[in-house]
Amino acid sequence: MAPVWTPDGAALVFASNRATGTFTNLYWQRADGTGAAVRLTSDQEGQIAGSFSPDGHDLIFHAGDPTTSRQRLMVLTVNGSPPSETQPAPREFVGGDFLKANPRFSPDGKWVAYSANYSGAYEIFVQPFPGRLERGA
């Protein structure tokens, strides 16, 4: 479910419960269907892809269980096309309580927009990527 195109259009990343039968992990597959799907994540939390950075290097996604009202936005650095069978571990981008969803990179890759219900209603938030802004002279 929830397929996301790679920026070059050669592949898709999607969520599937094919390995567990219960929660979803992320998989990479060539768009033309050739080759086997490569499993990118292996976790006990359900995961859904959000978007790729414009350079195709980073994939942002949300992970968690909405029944616990705790979801995190995670970033996975994708190594190659097809990716290596052994991907680096995803790193947390936005954590904490509250539901967070639909992360999207800006066209220049410097920002991530996402929705969250910190106030009790879903609102849109924007964070710099990869982290805090450096204030220069």
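The table below lists the values:
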item: Spin-label model distance (nm) - THR20 vs ARG70, 7 Å beyond Cα toward Cβ; result: 1.5
item: Chain lengthening between GLN44 and MET1 when straightened (0.36 nm per residue, less Cα-Cα); result: 13.8 nm
item: Range in the chain, longest, excluding exposed GluC sites (Glu not before Pro) [loop by DSSP; at most 12 other beta-carbon atoms within 10 Å]; result: 1-84
item: Normalised contact order of the chain, rounded percent, pairs of Cα under 8 Å and 6 or more residues apart; result: 16
item: GNM top mover of GLN127, GLN29, GLN71 - the chain, alpha-carbon springs below 10 Å; result: GLN127
item: Selection from HIS62, PHE14, SER115, by position along the positive dipole direction of the chain (Cβ); result: SER115
item: Sparse-neighbour loop sites [trypsin sites (Lys or Arg not before Pro); the stretch 54-134; at most 11 other C-beta within 10 Å; DSSP]; result: ARG132
item: Rounded accessible area per residue of the chain, 1.4 Å, Å²; result: 55
item: Sulfur and carbon atoms: percent of accessible area, the chain [1.4 Å]; result: 52
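The values are calculated or read from the model by the stated rules, or taken from the named source; none is laboratory data. Predicted model only: the values in this text are computed from it and were never measured. Positions of Cβ are backbone-derived with ideal geometry, glycine not excepted, and every protein chain shown enters the neighbour counts. Surface accessibility is based on the protein's heavy atoms, side chains included, excluding ligands, DNA and RNA. Shrake-Rupley method; radii C 1.70, N 1.55, O 1.52, S 1.80 Å.
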